Amino acid sequence: MATTATSDVGPGAPLSSIITTVRYSLTSLAKGKHRASKPKDGHPQVTDLTTIQPKPSLPPQPPNSQVSGDKDDHEKPPLHLLALPIELLHNILRHLNFVSILELRKTCRFFHAIASPPQLRVLFGRQEMTALLLQHCKTCLMHDPIRSNLLSCSHEDEGWPLASQCVDCALVANDERLKIGKKVTLATEEVAQVCRWCGRPIRSHEGVVGPSSPNNVGNRGDGRPFHKGKCYRSYNNSLLFFFILGWAQLMIGITGAALSWRYWRGAVMVFAPSITSFLLLWIVMGFLFFRGSRKRAYRYTLLLELAILGCWIPPVYYISMQIVKHPEREVDTAMQAALALFGLNLVFRLFNVIGNVVILCSTPDLTPRKRPNAEWFKRTIYKLMLWSVAWTYPPSVEHRLSSD
């Protein structure tokens, strides 16, 4: 009935060798031909241990554990898991987590009985069983001995002590505790911020330390809300991209206004809108430098960007119609440069409008792109939204929310 293990287990073998033999035996037993059918004892699954009371019963004996007397005295017993003494099997069970115990119970009737909930309660004891349950995620049964990747739970939670939940399962379930701007309590009683870039808790050794400053929203007394390393590096890269892009937009806006002043002063549809957009451009720059942490400031910048976008439409239309109406005329360099710069200003302002709309709607939570169960199209949409925020104003990721 049993499958031969890949390594010998003698009487003097250390416990680590025995556990290694158990792992190989579980794999072979699970894939063998002697997979047992569901027993008739009616024992519930391991996840129901909290509702089962221990029942005094004699431990089952492994089959063929003794060598029959009619066999040759020199014949060695088969070296497999079932040949081990029952005391040693109990000791092995105490070193397994719930996932391994569930897999072990599926191998044969004997292990289904020896690892039943009543037997486990007697074997572990009440306190050790409670501690072991608190180390597992109630959803995926992930075992975390130090509980650093589990969220906290209390006696009032349903199913306690099997009531903790790992960070991955909490993200999949869209747990309200893992919202940006909030602080979450881990199972280790550590209070952590939620990273604004990936949406996961920031433990004490993972955060970016920053000085306390009431004027700078990102530099709070408990540090910047990012994981040091990849998250904070990605955020800094977005700031660099925004800085370079901002100067490029400013130079293109100034150059476009200068061209209209130099060559199109007599054309009202070109000169008046371009000068107006030039003045509005500096008002937008003032908002970028002096705006606070209030989200409603983006409504004003959105209105200004819409106004600048509308100002660049008449110049582009006027120059394009001049080229279409007079095809016999040679298009000079000034007209080509003006049309190119006016078109770039139009495209840049269109992207700015889209970015401000995204910031207003996302408030600015773009962490769902990092969830384990996010579909590919949702990841793509959130990445495009992230690029639009990086284009428009990436410091909005650090702005305070109502939950801060």
Close pairs (8 angstrom Cβ cut-off, 6 or more residues apart or separate chains): over 14 Å from Asn237 (Cβ atoms) in the range 378-389, modelled with pLDDT of 85 or more and not acidic (Asp, Glu) anywhere: Met385/Val358; Ser388/Phe351; Ser388/Ile354; Ser388/Gly355; Ser388/Val358
Every residue from the range 213-238 that is at pLDDT 85 or above and surrounded by 14 or more Cβ atoms within 10 Å (Cβ to Cβ): Phe226, His227, Lys228, Cys231, Tyr232, Ser234, Tyr235, Ser238
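Could you list, in sequence order, the residues of the range 255-273 that are charged (D, E, K, R) and in a helix (DSSP H, G or I)? Full working, then the answer.
Step one: filter the range 255-273 for residues charged (D, E, K, R), giving 262, 265.
Arg262 - this is the single residue of the range 255-273 that is charged (D, E, K, R) and in a helix (DSSP H, G or I).
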The range 313-340, residues that are open to solvent by 60 Å² or more (accessible area, probe 1.4 Å), under 23 Å from Ile254 (Cα atoms) and at pLDDT below 85: Asp332, Thr333
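Could you pull out the residue among Arg299, Arg349 that is modelled with pLDDT under 90 and among the charged types (D, E, K, R)? Please lay out each step first, then the result.
Values: Arg349 fails: modelled with pLDDT under 90.
None of the others qualify; the one that does is Arg299.
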Among residues of the range 352-369, those that are modelled with pLDDT under 75, assigned to a helix (DSSP H, G or I) and either touching a Pro at 6+ places or on another chain (Cβ under 6 Å) or crowded, with 20+ Cβ neighbours inside 10 Å (or both), counted: 0
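Looking at the range 178-192 only, could you name the residues that are more than 17 Å from Ala131 (Cβ to Cβ) and either in contact (Cβ under 8 Å) with a residue 12 or more places away in the chain or open to solvent by less than 10 Å² (accessible area, probe 1.4 Å) (or both)? Even if it seems obvious, please write down each step before you answer.
Step one: of the range 178-192, the residues more than 17 Å from Ala131 (Cβ to Cβ) are 178-185, 190-192.
Within the range 178-192, Leu178, Lys179, Ile180, Gly181, Lys182, Val184, Thr185, Glu190, Ala192 meet the criteria.
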Residue count, the range 232-266 (criterion: in contact (Cβ under 8 Å) with a residue 60 or more places away in the chain and either in contact with a Phe, Trp or Tyr (Cβ under 6 Å, 6 or more places away or on another chain) or closer than 19 Å to Ser396 by Cβ (or both)): 10
Test: residue in the range 370-387 that is surrounded by 14 or more Cβ atoms within 10 Å (Cβ to Cβ), within 30 Å of Ser320 (Cα to Cα) and modelled with pLDDT of 85 or more: no
The range 94-111 - residue that is among the basic types (Lys, Arg) and part of a loop (DSSP other than H, G, I, E, B) and, of those, most open to solvent (accessible area, probe 1.4 Å): Lys106
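Hey, among Gly266, Gly310, which residue is surrounded by fewer than 16 Cβ atoms within 10 Å (Cβ to Cβ) and either hydroxyl-bearing (Ser, Thr, Tyr) or at pLDDT 90 or above (or both)?
Details: Gly266 fails: either hydroxyl-bearing (Ser, Thr, Tyr) or at pLDDT 90 or above (or both).
None of the other options fit; the residue is Gly310.
Select from the range 198-212 the residues that are open to solvent by 40 Å² or more (accessible area, probe 1.4 Å) and either among the hydroxyl-bearing types (Ser, Thr, Tyr) or modelled with pLDDT of 70 or more (or both) and list them in ascending order. Step through it out loud before you land on a result.
Initially, the range 198-212 is screened for residues open to solvent by 40 Å² or more (accessible area, probe 1.4 Å), giving 200, 204-206, 209, 211-212.
Correct list: Arg200, Ser204, His205, Glu206, Ser212.
Is the range 227-247 home to any residue that is touching a strand residue (DSSP E or B) at 6+ places or on another chain (Cβ under 8 Å) and of a type in the set (D, E, K, R)?
Yes, the range 227-247 contains at least one residue that is touching a strand residue (DSSP E or B) at 6+ places or on another chain (Cβ under 8 Å) and of a type in the set (D, E, K, R).
The values are calculated or read from the model by the stated rules, or taken from the named source; none is laboratory data. All of these numbers come straight from a predicted model, not from anything done at the bench. Using ideal geometry, Cβ is built from the backbone for each residue, glycine included, and neighbour counts are taken over all protein chains shown. These area figures cover heavy atoms from the full protein model, side chains too; ligands, DNA and RNA do not enter into them. Shrake-Rupley method; radii C 1.70, N 1.55, O 1.52, S 1.80 Å.
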